[in-house]
Every structure is written in C-alpha cells, then in structure tokens.
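Student: Shown below is the structure under consideration.
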Amino acid sequence: MSWYDDPLKDWYGDQLEEAPADQPPPAYQKDDGAAGGPKSDQRTKGKINKEDVTAINEGGMSPARSREKERGSGDCRMKKRRGRWILHTFCWHNRSNQRPERRREMGTTSALAPGLSRKLKKVLETRTDTPDLLASLNTLSTFYTDNTTPARRNLRSTIEKRSLSINHDFLLASDAAQQALDRVEEEVNSLAECCDKIAKSLSNCNATTGDIITTTERLKQELEVTTQRQEIASCFLRDYQLSNEEISALREEELNENFFKALNHVQTIHANCKVLLRTHHQRAGLELMDMMAVYQEGAYERLCRWVQTECRRLGDTDNPEVSELLKMAVRCLKERPVLFKYCAEEVANMRHNALFRRFISALTRGGPGGMPRPIEVHAHDPLRYVGDMLGWLHQALASERELVFVLLNPDAVVDTGPTARRFSKSSESNDEKDEADLTFVLDRIFEGVCRPFKVRVEQVLQSQPNLIISYKLSNTLEFYSYTVSDLLGRETALCNTLWGLKDAAQKTFFDILKVRGEKLLRYPPLVAVDLSPPPALKEGVSLLLELIQIHDTMMVPASGKKPVFDPVISALLDPIIQICEQAMEAHKSKGSIESSRRNRTKADASQSRRSSVDAILASSSQVFPSKNNETASKIFIINCLCEIQQPLLRHDVAAEYVKKLGTMIENHMASLVEKEVDAILTRCGLSNKMSLFRNSTAADSPPLADMEDTSPDSLSESLKAFFGLILGSESSLPEFEQMNLPGLRSEACVHVATSLAEAYDVIYKAIMDPNNGYADPKSLARHPPDQIRTILGI
C-alpha cells in the first residue's frame, strides 16, 4: 500500500496542525477546570483505535475526541518515536458520567449514513501493523520533515507532487531507453522492407526458373539411376570377369604372387556362378562357369608342372629350403587331389634317390673331408656299427619329416622332439587324408635305404656275436623300432624292416642261450665232495647279473616300455637247474660214499644242545651212516638253488623267478627233513611202528600191548635206542654242515628236532592211553614230551 493511498492521510491532512520538525503535533486538550480531580479522574494513555481512524478518514472528529470533548477531559497529541509520528490519546474518565457518555456514543454511531458506515467499517477492519502500512509510514518519514499546519493540510498534495516527481524522474531515466527502442523499431522496419523485397524477387525468380528446376530434378534422377546401373555393372564385372592383367598372369607371365591372386579370383568367380544358377540368370551362370573352368584347369596344369620342376631341384641338395611361393603352390594344388598326388610322388622319388645316395656315402665315404668317418670303418664292432646306422637313419628321418611337413602340409605344426607323435596328431589342422599322404611320401623316401641297412645288420647277426652283444643289439633295435614307429607309422617299409631285424636279433640271442644250455646238458657236472655248486652255475649267475644290469640301464622310448625279462632268466637258468638235478640224480645212483665232517673251532649254542646225542649216533654209525647219498644230493641241489637265488633278491626284475626258486628250495628242504627223520626213526626201530601209534585212537583198533611190533619188550628196546640217540654225548642228529647258507642249515636242524619231538609225542600219548593195555607205561616212556623238547632245544 502506497503512502498516498493510506486511510490515515485524510486524518493527517485535516486534523494535524503545524508543529516544529523536532516536536510532535500539538495535542488536543480541554480546559483543566473541567477535570474531575486527581482522585475522581483516571488518566489513560494509548494509541489510536479503529474508531478514531474511521472517523478521521470520514473527515470528522474521532469518537474518542468527541467523548473527550463532551466529558471536558482528556488530551490527544502526536509524538515522534524512532523517526515516526505516533498519535497518543490521554483520557481522564469521570466515573459518575460513564454510562450516559456510552449511551450517547452508541446513539451517534447508529445515526451515521450507510456510506459513512461502510467506510468506517472498512477503516476499522484495516490492519495498522501490516508491512505495507509500516513501509508507507517509513516512506512518508523520508520527505515529510516539517510538521506545520500548512504541511499537514497540504499532505495530500505533497504526496501527489512526490508521486509526480517520481514519475517525472522515471520518464527522464527511461527516455534514453525509449529512444533506443525507437531506433530498433526503425531498423526492424527497414529489415522488414528488405525481406519483402527479397521475397518479391524470389517469387519472380521462381516464376521464371521453374522449368529449369524441373528439368534439373529429372536429370538428377536419371543420373542416379545411371550411376546405380554403372555400379551394378562394375560389381558384376569384378565378381564374374577376369581383368586383362589377371588373364595375362594366368597364361603368359612368370609364376608369382599375381598368378595365385588371379587363380583365387577364378575360384571365387566359379563359386559365384553357382549363385546365378539358383536365379533367373542360369544361362549366364553356365557360360561363365565354363569359361572359368577353362582358365582354372589351364592354371592348375601349369602350376603342377612348375611344382614338379621345383621338386626336382629339391633332390640336388641334402638340406633344401622350401620357398614361400612353393608352399603356396602346394597349398593350391591340394584342391586337385590327382595333381597333388603327382607332385607328392615327384617329391618322394627325388628325396628317395637323394637319401639313398647320402646313406651309401655315409657308409662308405663319410662326411665332407672325411669327417665324420665312414660308418663301415667300425664294422668290427657290431654294437657301434649297428648303432651308427640307426642313428643316421633317425636323424635323416627327422630332417626329411620336417621337409615333407613344410612342403606338403605347410599349415601343420611340426614336432620333432622325443615325445612327438606321428604327424602331430594333437594338431587340429591335420586330418586323416593329410596323414595318409605324408605317410606315403615318407615311406617312399625311406624305402630305398631299407635293403642296404637290412643286409648289413643281418651280416652282423650271422657273425655270431657273444651273448651280451646280441642282447644289446636286440634292445637297441627295439628302441629305434618304437621311435621310428612314432614318427613314421607302423605299417611302413622302414618300420617293418626294423621290427624284423629286432625279432632276428632277439632270436639270435635266444639261440645263443639255447646252444649254451644244450652244451651244459650234454656234459653235466659232478657233485663236489663238499656239495658246493658247480662252476657252470656261478658263471651263469654272473652272466645273468650282467644282463640284468643292461636291462635296467637300457633306453626306453616314450611310447614303449621295457621288454619282459622273465624269458631271458628262464632261458639262462633253467638249463643250469636241470644240470644240477641231473648231477643230483647221478650222485644218488652211485651208492654210499663217505662224508667228511668239518670240525668247528667254535661251538655255538645249537651245537652244545645237540652234544647229548653224539654218543648214540657214534655207536650206531657202523649200521646207519649219518648222511647217505640221498641226503647229500638234497643238500647239493639246495646249495645250487640258493646260489642262484641270493644274488637275484636285490633285483625287482627277477622277483617272479625268485619266488619260483623259493618254492623249489622249500620243497627240497621238506623232503630232506622228512628223509632224515625217517632215517633216525628207522635206526631206532620206530619207523614201522609210527603208523600203529597214529591209528591207535581208532575205535576198532586192538590194544598195542597185544601186538608183536608194539609189545612192551619191543617198544622198550626201541625207546632205549631213541633216548640214546637224543641223550648221547656225541652228535647223533644231522647238522647239515655241508649246507652253504647258515640260515637254511639252522632251519633244517630245527625242523628235524621238531619232527622228532612230534613223533615222540604221538608215541607217548599212545603208551599212556589205557586202552592200549600197557601195564607200566611210565617205565616205558620215562621222559615226558616237554622234557624231550627241552633236550632237543625247541
């Protein structure tokens, strides 16, 4: 709300009197004589209320002033506070006249005109503390400085002049902007006129050049159509026709990269013609296919002749290098299997002849300048001679294999290491057809060296090398057979030759073993007096140990394994065991021989425990010798088997044969113990009675005392002899002193003692059995079985 619209402006203009600027307007006062006195009157102070403001706006006296005037008391004056003029009213009330004054006031209010009442109501409803009203009063304070009566009366005109002054200043300030806007308007009008002129000119031009534009658009469309047709024709010529340069490269020029580019383009055109055959342009497709077929066949024939010429040059050098152009040519020829086969055969023939010449030269002349020396210089050394030939073939195979790979299958991965498999089977680029082609070429290349190599190895084998050399030759040939098979393939001429020579060397080795065994069997050795193994056995075991060492250190290919060694052991040891058995049988048939005993300087615990039976054995030695021929034969064969078994225990390769020898030794030991026990019981007269003692527990068996063989008298004599053998002072039990192994000797003695104790246990139980009818069994069996066991030391 502006200052000049404020409802209080009329009141200020009509009611305020002039006053100094630093003093408030004069208050409206009544004569003090009308005052009611200090005690009867009360002075109040407050601001202008709504009724006063309404009355002032209507141009009359405010109700408060009227009441003050009627009561003859009170005062109303203006006061300046904080730069603003504030109306203060001071009233003195007369209590005795209060009610009549209120009635008069109410009557005065009700008597107002409707228009004045509305204005008064409007003034009363106006808020005097609003920000707009306060701002108006603040603005009034800026230019209303003189508080005089004329100033108060001319407040409205002052405010209006203030407003006019402000508007005039605004007009002056905006004059420059208005002038600028006028200039802009003039420029805009000028531009509008120019635009109208240009539009008019364009309209005239459109009217005059319409035909030209139409013609230009038509020609532009025709040009686009023609350009598209030209592009289509160019694409067709590019995709279905050869350029003059390409035709020249296929027919006339030297073979180079342009030839292969042109050939590739011919193949592409030929493939594109198949697309035409599936459309409405079948005639054009057939004609183009026929034309491209002529170009293609001529190019492939020319390429095949060029490759054959280049392959012939490869046979002139030992280590040829394959050019990239030749690799590209071979790669292209793979599209024509027949032509590719011709080239592969040409390569195989050239390298076949070159390899044969190189092999013969290595055998007879050696390397350039005589180094390395010729292989046949070492023909006197079969192992080195054959090994050098095999090494040369293996090296040649690796180089030829790499050459064939690079030439015939340039996309393949070549692996020449020891773990290589045939044609790098792990490579995904190799298929079965490529493998067959490469196998064919390599087989043809090495076919020529098979015969000279085979003849020379057979000559070595026919020269009857010794057993060790023949075995080493067999192992060497087997190793290279596996190695070459991994690189070349099993069903090739060179591999078949190697495997055949390996079998021949192995046959030669076993033939030598067979001849050696037959010679031993024709002249079996005699049993030595001390029952020690024959020299032929020791020689055979020494030879076997050397063969085992060779077997353990032999080379083993990655795809193979060591050969089974059991046939070698059997072929070498079986004849030796047979001659030992023949010597044992011959020794049995000769009759009784005296056996000598060796006096031991130191007696061990086992000898001391057997000293109690020495006297009995000595007294009976004239009737029954301690060791007959059969016992000596058994000890001899046991010594021979142990002599073979002991050195073989340290070698795993002979584990099975060691088990076989152990079983044979156990069988001979059991037979030896059984014979010795039976001989002792026979000497005591108890051997024929043991069956009666064992059957005495049967229900239908008669009492043993009633039988003649087991009568008390006969049994008493036999037991006395038995006790005499056991309790004698001299050694009566066999001690197997001629058995070479102390462990086996002790084991045999323990087994004899155990068997005797078991036999006495059977006799003792039968004597003590009441059913057998012995009157005084304790007089017959004076020693219980435990005592006999203690005496025997078990």
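The values are calculated or read from the model by the stated rules, or taken from the named source; none is laboratory data. Bear in mind the structure is a predicted one, so any value in this text is a computation, not a measurement. Heads up, the Cβs are rebuilt from the backbone with ideal geometry, glycines too, and the neighbour counts pull from every protein chain shown.
Student: Could you pull out the residue among E491, E478 that is surrounded by 18 or more Cβ atoms within 10 Å (Cβ to Cβ) and either modelled with pLDDT of 90 or more or within 24 Å of V556 (Cα to Cα) (or both)?
Tutor: Matching residue, one of E491, E478: E478.
Student: So, in segment 494-530, how many residues would count as being in contact with a Phe, Trp or Tyr (Cβ under 9 Å, 6 or more places away or on another chain) and outside the structural domain of Q462 (by TED's automatic domain parsing)?
Tutor: Residues that pass the stated criteria total 2.
Student: Another one. Here's a check for you: in segment 351-385, which residue that is among the aliphatic types (A, V, I, L, M) and closer than 23 Å to V322 by Cβ is surrounded by the most Cβ atoms within 10 Å (Cβ to Cβ)?
Tutor: Ranking the qualifying residues of segment 351-385, first place goes to L355.
Student: Now for a different question. Can you tell me which residue among S696, S621, S626, S701 is at pLDDT below 90, over 28 Å from T790 (Cβ atoms), small (G, A, S) and part of a loop (DSSP other than H, G, I, E, B)?
Tutor: So the residue among S696, S621, S626, S701 that is at pLDDT below 90, over 28 Å from T790 (Cβ atoms), small (G, A, S) and part of a loop (DSSP other than H, G, I, E, B) is S701.
Student: Pick out the one residue from E301, E310 that is in contact (Cβ under 8 Å) with a residue 12 or more places away in the chain, farther than 30 Å from F236 by Cα, of a type in the set (D, E) and touching a Leu at 6+ places or on another chain (Cβ under 9 Å).
Tutor: The match here is E310.
Student: Going by the structure shown, is V564 within 22 Å of N466 (Cα to Cα), in a loop (DSSP other than H, G, I, E, B) and without any contact (Cβ under 8 Å) to a residue 24 or more places away in the chain?
Tutor: Here the answer is yes, as V564 does meet what is asked.
Student: Right, something else. So is E539 closer than 15 Å to L648 by Cα and outside any loop (DSSP other than H, G, I, E, B) or not?
Tutor: yes
Student: Test of understanding: among R373, R357, R351, which residue is assigned to a helix (DSSP H, G or I), over 30 Å from G298 (Cα atoms) and not hydroxyl-bearing (S, T, Y)?
Tutor: R357
Student: Residue pairs, Cβ under 6 Å, 6 or more apart or interchain, first in segment 684-700 and in the same structural domain as N771 (by TED's automatic domain parsing), second in a loop (DSSP other than H, G, I, E, B). List them.
Tutor: Close Cβ pairs satisfying both conditions: K689/D709; K689/T710; L692/T710; N695/S701.
Student: Among the residues of segment 282-308 satisfying the criterion of being over 24 Å from A249 (Cβ atoms) and exposed (fewer than 15 other Cβ atoms within 10 Å of the Cβ), which is modelled with the highest pLDDT?
Tutor: L286
Student: Being touching a Phe, Trp or Tyr at 6+ places or on another chain (Cβ under 9 Å) and hydrophobic (A, V, I, L, M, F, W, C) is the filter here; which residues of segment 470-483 pass it?
Tutor: Listed by number, the residues that qualify are L473, L477.
Student: Applying the selection to segment 229-278, what residues are part of a loop (DSSP other than H, G, I, E, B), within 50 Å of the chain's Cα centre (by Cα) and loosely packed, with under 12 Cβ neighbours inside 10 Å?
Tutor: Initial filter on segment 229-278 (part of a loop (DSSP other than H, G, I, E, B)): 241-243, 252-256, 278.
Cutting the leftovers down to within 50 Å of the chain's Cα centre (by Cα) gives us 255-256, 278.
Within segment 229-278, N256, R278 qualify.
Student: Consider segment 459-477. How many of its residues are in contact with a Leu (Cβ under 9 Å, 6 or more places away or on another chain) and in contact (Cβ under 8 Å) with a residue 60 or more places away in the chain?
Tutor: Looking only at segment 459-477, we keep the residues that are in contact with a Leu (Cβ under 9 Å, 6 or more places away or on another chain), and these are 460-461, 465, 467-473, 476-477.
Add one more test, that the residue is in contact (Cβ under 8 Å) with a residue 60 or more places away in the chain, and what stays is 460, 465, 467-469, 471-473, 476-477.
The total comes to 10.
Student: When you scan segment 302-309, do you find a residue that is among the hydrophobic types (A, V, I, L, M, F, W, C), within 30 Å of A362 (Cα to Cα) and outside any loop (DSSP other than H, G, I, E, B), even just one? Please lay out each step first, then the result.
Tutor: Residues of segment 302-309 that are among the hydrophobic types (A, V, I, L, M, F, W, C), as a first pass: 303-304, 306-307.
Filter once more, so that each one left must be within 30 Å of A362 (Cα to Cα): 307.
Next, from what is left, pick out any that are outside any loop (DSSP other than H, G, I, E, B): 307.
Yes, there is a match, as at least one residue in segment 302-309 is among the hydrophobic types (A, V, I, L, M, F, W, C), within 30 Å of A362 (Cα to Cα) and outside any loop (DSSP other than H, G, I, E, B).
Student: Among S732, S779, which is in a helix (DSSP H, G or I) and either modelled with pLDDT of 85 or more or in contact with a helix residue (DSSP H, G or I) (Cβ under 8 Å, 6 or more places away or on another chain) (or both)?
Tutor: Numbers: S732 fails: in a helix (DSSP H, G or I).
Testing whether each residue is in a helix (DSSP H, G or I) and either modelled with pLDDT of 85 or more or in contact with a helix residue (DSSP H, G or I) (Cβ under 8 Å, 6 or more places away or on another chain) (or both) leaves just S779.
Student: Right, here's the next one. Every residue in segment 522-580 that is surrounded by fewer than 16 Cβ atoms within 10 Å (Cβ to Cβ), closer than 26 Å to F636 by Cβ and in contact with a His (Cβ under 9 Å, 6 or more places away or on another chain), please.
Tutor: Answer for segment 522-580, where residues must be surrounded by fewer than 16 Cβ atoms within 10 Å (Cβ to Cβ), closer than 26 Å to F636 by Cβ and in contact with a His (Cβ under 9 Å, 6 or more places away or on another chain): L526, L545.
Student: Quick one: would you say L333 is in contact (Cβ under 8 Å) with a residue 60 or more places away in the chain and surrounded by 14 or more Cβ atoms within 10 Å (Cβ to Cβ)?
Tutor: no
Student: Within segment 506-514, does at least one residue satisfy the condition of being under 23 Å from Q738 (Cβ atoms), in a helix (DSSP H, G or I) and out of contact with any Gly (no Cβ under 6 Å at 6 or more places or on another chain)?
Tutor: no
Student: Scan segment 127-142 residue by residue and report those that are at pLDDT below 80 and not charged (D, E, K, R). Full working, then the answer.
Tutor: If we filter segment 127-142 for residues that are at pLDDT below 80, which is where we start, we get 127-128.
Once the filter is applied, which keeps residues that are at pLDDT below 80 and not charged (D, E, K, R), segment 127-142 yields only T128.
Student: Okay, moving on. Looking at segment 366-401 only, could you name the residues that are in contact with a His (Cβ under 7 Å, 6 or more places away or on another chain) and in contact (Cβ under 8 Å) with a residue 60 or more places away in the chain? Let's see the steps before the verdict.
Tutor: The first filter runs over segment 366-401 and keeps only residues in contact with a His (Cβ under 7 Å, 6 or more places away or on another chain), leaving 384-385, 388.
Matches in segment 366-401: Y385 only.
Student: Does S714 meet the test of being assigned by TED's automatic domain parsing to the domain that holds A766, assigned to a helix (DSSP H, G or I), touching a residue at least 24 places away in the same chain (Cβ under 8 Å) and closer than 17 Å to A759 by Cβ?
Tutor: For S714, the condition - assigned by TED's automatic domain parsing to the domain that holds A766, assigned to a helix (DSSP H, G or I), touching a residue at least 24 places away in the same chain (Cβ under 8 Å) and closer than 17 Å to A759 by Cβ - is met.
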